[in-house]
Structure formats: C-alpha cells, structure tokens
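The values are calculated or read from the model by the stated rules, or taken from the named source; none is laboratory data. Treat the numbers as computed from the prediction; the structure is a model and nothing was measured. Here the Cβ positions follow ideal geometry from the backbone for every residue, glycine too, while neighbour counts run over all protein chains shown. With ligands, DNA and RNA removed, areas are computed over all heavy atoms of the protein, side chains included. Shrake-Rupley method; radii C 1.70, N 1.55, O 1.52, S 1.80 Å.
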Amino acid sequence: MASLIETVQVPEPLTRRKAWKKLQTHHRRIQDAHLRDLFADDPQRGERMTAEAAGIFLDYSKNRITDETVNLLMQLAEESGLRSRIDAMFRGDKINVTEKRAVLHVALRAPRGTSIMVDGQDVIPDVHAVLDKMTDFSNRVRSGEWKGATGKRIRNVINVGIGGSDLGPVMAYEALRHYSDRAMTFRFVSNVDGTDLVEAVRDLDPAETLFIISSKTFTTLETMTNAHSARKWSLAGMNGDEGSVAKHFVAVSTNAADVAKFGIDTANMFGFWDWVGGRYSMDSAIGLSTMLAVGPENFRAMLDGFHQMDEHFRTAPFEQNLPVLMGLLSIWYNDFFGAQTVAVLPYEQYLKRFPAYLQQLTMESNGKHVTLDGAEVTYATGPVYWGEPGTNGQHSFYQLIHQGTRLIPCDFIAFNQPLNPLERHHDLLLANVFAQTEALAFGKTPEQVKAEGTPDWLVPHRVFAGNRPTNTLLADRLTPENLGKLVALYEHSVFTQGAIWNINSFDQWGVELGKALAQRIVPELESETEPALSHDSSTNNLIRRYRKGKE
Ligand code: G6Q
C-alpha cells in the first residue's frame, strides 16, 4: 500500500501484519508467565536482556517477555517499515504529512560541517548561525556586558512561553541547575492565570530583569497576554521609557514581523524553523534560557549528547537499539496487555520536571485516533505517561502499582554518581531503585508472608503478586550530555511507537477546538450587557453563574 509519506511503503494495516498476528498468539501463550519463573529458568536473563549505548545502560530483563517476544517485536518493526521511516526523518522528508513539514529536530544537534537538505537547502549552516548568535548573547549577559536600560546588569531571566516553548526550558533548567550560574535567577511563566506572572516577578527589580518571549508563532494567547503584562510591569519600573524594551525583552520566534511590532529589536530575535515541532524544540533557540543558565559550553555538550543518541538510533541494529527496544516494549504492554499508562520514575531530584516534560512529548505526539491516511485506528495508541521523582512516589502512589488491579509498566531512571554527595544519601537512593524493581517483579507469595509469622487473616493484605514490569535506565551522572541522550532516547522511542501505529506523531490538531471555543466565550464573559448565549444548557448556565459571581 502506498503511503502519504512518498518515500515510505507501509505494507499492511497494523493488525493484518504477520508479526502482529504472531504476537497475539504468543501473548495468549505467555501472558500469565511470571517473572519469578522466567528468571528462575534462565540465570543469565538479567545480564542478557540489557543494552547499552552512549553510556546509557538499559536493563529490560524485568519485562514480561521471552526471547521470542523480542524476536517478534523486531519482526513487527521490520514489517512496519521502521527502518525506512527513520531514514525518511533523517533525510528531511516531509513526514509530518498533515502540516506538510519535515521533522528535523535531529538537525538542531547535527555537528557543524554535516548537511541536511530541506527544499533543496542545507539547514545545518543556519542551525549553527543561530547557535553562534545565542552563544554571543549568552556570553554578553552572563559576563555583565549586556546591561539593562538603567545600566544595571541582568540578574534575572524570565522565559515567557507555553507548551513546547515552556516545558523543555523549565525541565532543562531544573535538570541542569547544578551547572547554572547561581548569581542569576531563572523563572518560567506559562499559564494565562495572572498568578503565574505576578508571583514570578513580585520580588524582582525590573531594571535587572530580562524577559525572553518564546513563541514560535508569536500569536499564542497565553504567551502574548503574559508578554504584554510583563512589558507593562517592566515599563512601570522604567518610568515608562519605551526605549528600555529593547534592553529587557528578547524573542525566540519564527515570526519577525510580530516580534518587531511588540517593540523587540529583531537583532535580538533568535530564530528557528517550521521543521522544529514545539515539543521537540528545547535544543533550538527555545533553549536560550538554558544556555543563559548553564553557559554555551554546557549547552553544546547537551547537543552533543542528543546527537550521540540520534546516531545510535539511526545506525544501531534494532535488537541493540535503545529507543527501538523501549518503543516496542511500550507497544507490547499498550496493545497486547491493554496497559493504559506508563510511570516514569526518575531517582534524581534534578529531574523533577522530567515526567511533566515527557507527558507533552509522548501524549501530544501519540495521542491520535487516525492513521496517516486518515483511517480510524483499530488498536490503542499512545498511553498516558505520568510520574514523580523517587523516592517520594514510594510513599504515595506506588501502593497501587504494587498491589492495585492495574498493570502499570514503569521506567526507573538513576545515576551512579550523585551531583551532591552527602553521606549515605546516594546509596540509600539507589538501594530504593533496585529494591522497587525487585519487589515489583518478584513480589511476595502467601507462603513467604505466612513464614514471617503473619496471622492468616492478614496474609492476603500483605501478599505482593509481583510480575509488574519495569525498565531500568542507568547512567554515570546527570551531566548536560547525559540529559541530551535521555531526551533523545524518549523522542525516538515516541517515533518508534508512532511508526508502528502508522500515525502522525508530529501534529496536534487535538489542541485546536478548545482554543477556538475559548475565543468565542471571552466576549461573552467580558460583555457589559447580558449576552445572548447559544451553547448547550450546561455551558450557558456556567457562563451565567460566572458573570454573576465575578461582580
Ligand atoms: C508543541 C505544540 C505546542 C506549542 C505551544 C506554544 O508541539 O505545538 O505545545 O509549543 O502551543 O506555541 P508557540 O511557541 O507558537 O507559542
């Protein structure tokens, strides 16, 4: 069957592919196999079912799989044309078919001197020109050479953006805080709820504050509302001097005309391109706040990490390919076991925003109901991703993962070395990682519980069925480079899943309807006179109650 991506052939609808059918039969056979037995029968399993690339180690042995499962999943990847899809992305083909765009976040981290063509033009020189401009600007701000309008140096940076123009920057700032300039303050404003901006600026001096207005389109309601309010706040502290805007506001955007209209000098605009999706943009100019925080060298080390994982994904055989393995395992639970969610559990405090970042990456990408050709899918697509850093989750929702009635595959992420060594803390942290995956896999039988002297009536409550699948990702330490590898790993795992499901992981039409309806409701809320409402009775009633209540 021909595909909308001209260069890619999709052989058969997913559920008609041979490997899919074989996986269904295979699943019926092994769905009840217990990890206790799989490990007991195969003493080498914990060493064999592992893969390592660019210093990221993946232990996938505690999954409900056998060697045959892995073989069949690999066959599914082949039959789904994963290889040609990967090549199409890296070649710059317009694989985002509904928006007719190339998908080239991999070009953002391609080294100088390489080349990737889009519409007959090599984009790599442009990528490096922007990186150089960001580097120059970051050095000037960090050194104090760039001054605010009153001559004070910039001590506070506020990124104003939302979605892909916020979640990546916040996550990366938190993840790399250890490497950041502690003399500077970084804040992130995204929500149109005024509290977000008011709390972010309340203790800051406008004369020392730089705003980065990050918006690909420069039209997003939340960002533009916040940007205009930030401008007012800044001007109020600057005696209304309109000329000060150029010193206190810079933009990251693809829309030069609207940036200039806002009063930002386009010399201080950092560009990117329509082939960078919002949720894939933290390593573009959207990462300007990250570069200001950690410096250009660390930012480039992060890009290098991304690139190492890109090269691994592009070239490694599927059975040793980390993103492919993780993507296929996710398909296994989502589509064969009916698991609806995946928990991501970083045992690294600096990764506290990583699950939130991943939620957009995974769910905005793969929360789709039609194939590339617009046909309704007949299988489950993107699972719900969620999580919290360990060990906090252990004292909260892990109960449900251990003893609840739902199957929740988990990704544990940990590092061998702490960034803040403090007595026994790191050993205690890592002991918990290993203990949790062990407990989830092997559980505790009624016999074991009884043997501990537990009274009979209490035994069922204390039994752990086990057989809860986990991946463990281990790296040496959380460096900028390793952060880049980790993000790229998940980006490509998302790609792998989207390719198997034959969906477009790069559009997001599902966010449009609510936006459009809100635009219609705004005047109804703000109207001086009682508006004629023509929504459903619930929406009409809520609007009337709000209008009365806000007086
Ligand atoms: C991400 C989405 C979305 C986008 C925001 C912000 O993939 O496209 O989250 O990043 O809506 O858009 P702007 O950068 O255009 O303001």
(message) Can you report the number of residues in region 482-510 which are in a helix (DSSP H, G or I) and either open to solvent by 10 Å² or more (accessible area, probe 1.4 Å) or touching a Gly at 6+ places or on another chain (Cβ under 9 Å) (or both)?
(response) 19
(request) Provide a single number: the residues in region 160-175 that are within 16 Å of the ligand (Cβ to nearest atom) and either among the acidic types (D, E) or within 14 Å of G287 (Cβ to Cβ) (or both). (result) 10
(request) Mind listing whichever residues of region 346-384 are more than 24 Å from G163 (Cβ to Cβ) and touching a residue at least 12 places away in the same chain (Cβ under 8 Å)? (result) Y347, E348, Q349, T371, D373, A375, V377, T378, Y379, A380
(message) Pairs please, first residue from region 440-455 and touching a residue at least 24 places away in the same chain (Cβ under 8 Å), second anywhere and of a type in the set (F, W, Y) and surrounded by 15 or more Cβ atoms within 10 Å (Cβ to Cβ), Cβ atoms under 8 Å, 6+ apart in sequence or on different chains.
(response) A441/F39; F442/F39; G443/F464
(message) Being within 16 Å of the ligand (Cβ to nearest atom) and more than 14 Å from G164 (Cα to Cα) is the filter here; which residues of region 255-272 pass it?
(response) N255, A256, A257, D258, V259, K261, F262, I264, M269, F270, G271
(message) Which pairs turn up if I take residues in region 495-524 that are within 16 Å of R101 (Cα to Cα) and look for partners that are among the polar types (S, T, N, Q) and away from the ligand (no atom under 16 Å from the Cβ) with beta carbon separation below 8 Å, at least 6 apart in sequence or on another chain?
(response) I503/T371; I503/T381; S505/Q497
(message) Condition (residue is within 9 Å of the ligand (Cβ to nearest atom) and part of a helix (DSSP H, G or I)) applied to region 223-239: is it met by at least one residue?
(response) yes
(request) Mind listing just one residue for me: the one in region 176-210 that is open to solvent by less than 10 Å² (accessible area, probe 1.4 Å) and within 26 Å of V487 (Cα to Cα) and, of those, farthest from the ligand (Cβ to nearest atom)? (result) L176
(request) Filter region 213-265 for residues that are open to solvent by less than 10 Å² (accessible area, probe 1.4 Å) and of a type in the set (V, I, T) and give the result. (result) I213, T223, V245, V250, V252, V259, I264
(request) Quickly run through region 91-105 and pick out the residues that are open to solvent by 10 Å² or more (accessible area, probe 1.4 Å) and of a type in the set (S, T, N, Q). (result) T98
